[in-house]
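The values are calculated or read from the model by the stated rules, or taken from the named source; none is laboratory data. What you see is a predicted model; the values in this text were computed from it and never measured. Glycine also receives a Cβ, built like all others from the backbone with ideal geometry; neighbour counts cover every protein chain displayed. Heavy atoms of the whole protein, side chains included, go into the accessibility calculation; ligands, DNA and RNA do not. Shrake-Rupley method; radii C 1.70, N 1.55, O 1.52, S 1.80 Å.
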Amino acid sequence: MKQFSSILLTILILTATASSSLAQEIIVPVSDYPPWRIVQNNHNISGINIDLINALLQKIDLKPTYVVRPWKRAQRMMKKGTADLMNGLLKHHEREEYMIYLEPPYKTKSSKAFYILKGSSTKIASYEDLYKYRVGVTLGSKFFPRFDHDEQLKKDMGKDAANNLKKLELERIDTFITTETVGDYLLHKHGYQDKVEKADYIYSKPLAVYFAVSKKSPLAQRVPELNAALKEMVDSGEVQDIIDRFLENTQSIQ
């Protein structure tokens with residue numbers, strides 16, 4: 001009987017250890033959005049947001065497991081609880097139904113630019129000019145409130161910004177919107193500097209960008225720790241240092 005109890009205790013300890021190990025696996029879905037998220041060959045993952053996730057989780061002794069998924073599907077995973085953490089998110093009420101946004105935001109500005117073919121008749125000097133054109137957007141992405149909720153615009157859904165860039169080249173759309181740093185990076189990376197340019201109108205008002213945790217994730221129990229670690233990273237300048245360092249390292253592309 002004593003031997004049986006010892007065996008049972010060992011099994012319980014091993015089971016608890018295995019469960020604890022599984023609970024520590026933080027699933028982070030990512031899609032290509034350079035230079036913030038760079039996905040090469042579906043497994044080589046880097047970028048500013050990746051460095052930020054690694055740094056944040058390291059502070060509470062956790063490690064991420066990255067899975068490559070389209071942006072829209074990544075959000076569905078967060079809703080179901082099959083993913084734990086994302087960043088690069090704007091705050092919207094529908095997302096708040098299934099995500100807990102970490103505070104503070106790690107960025108307070110995220111300019112959104114519209115890209116057009118050089119030499120084309122497309123002219124965008126104000127928001128109102130957008131109504132004349134077919135505007136490429138990324139499925140599942142948010143850009144700024146007026147644009148996101150404007151049902152009068154002719155929006156053409158694309159897989160990602162790189163896909164919209166190709167559609168613009170083929171004149172399937174007249175312009176596309178993306179984060180300015182992303183658009184500029186893609187233009188130089190793919191050699192479109194002589195073909196594509198930014199329109200005059202750029203949305204550059206303050207726009208907060210966040211980390212978020214799935215409400216169905218075990219990680220939700222550690223939100224206070226994550227908030228404290230993130231605040232320390234923002235206040236100390238660590239977040240800005242990571243952003244600046246990465247952007248400096250990619251200047252050679254431009």
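Listed values for region 67-74 are Karplus-derived 3J(HN,Hα) couplings in whole Hz (6.51 cos²θ - 1.76 cosθ + 1.60, θ = phi - 60°), namely 10, 8, 9, x, 4, 5, 5, 4, and x replaces Gly and Pro.
For residue 123 and residue 205, the difference between the fully extended length at 0.36 nm per residue and the C-alpha to C-alpha distance is 27.4 nm. A 1.4 Å probe run over the chain, with the rest of the protein chains in place, finds 53 Å² accessible per residue.
Which shape class, rounded, prolate or oblate, goes with region 181-254 when its Cα gyration tensor gives a ≥ b ≥ c as root eigenvalues, a/c under 1.5 marks rounded, and past that a/b bigger than b/c marks prolate? Prolate shape, in that a/c is at least 1.5 and a/b is the bigger ratio.
Over the chain, the hull volume per residue, using the convex hull of the C-alpha atoms, is 144 Å³. Both radii were evaluated on the Cα set of region 105-220; the Rg over Rh quotient, with Rh as the Kirkwood radius, amounts to 1.01. Within the chain, what's the longest run with no GluC sites (Glu not before Pro) in a DSSP loop and at most 16 other beta-carbon atoms within 10 Å? Give the range, please. That would be 1-96.
Using a probe radius of 1.4 angstrom, the carbon and sulfur fraction of the accessible surface of the chain is 51%. Just so you know, the averaged projected area of the alpha carbon convex hull for region 22-76 sits at 3.9 nm².
Segment residue 197..residue 72, full-extension length gain: 42.3 nm, with 0.36 nm per residue of separation and the alpha-carbon distance subtracted.
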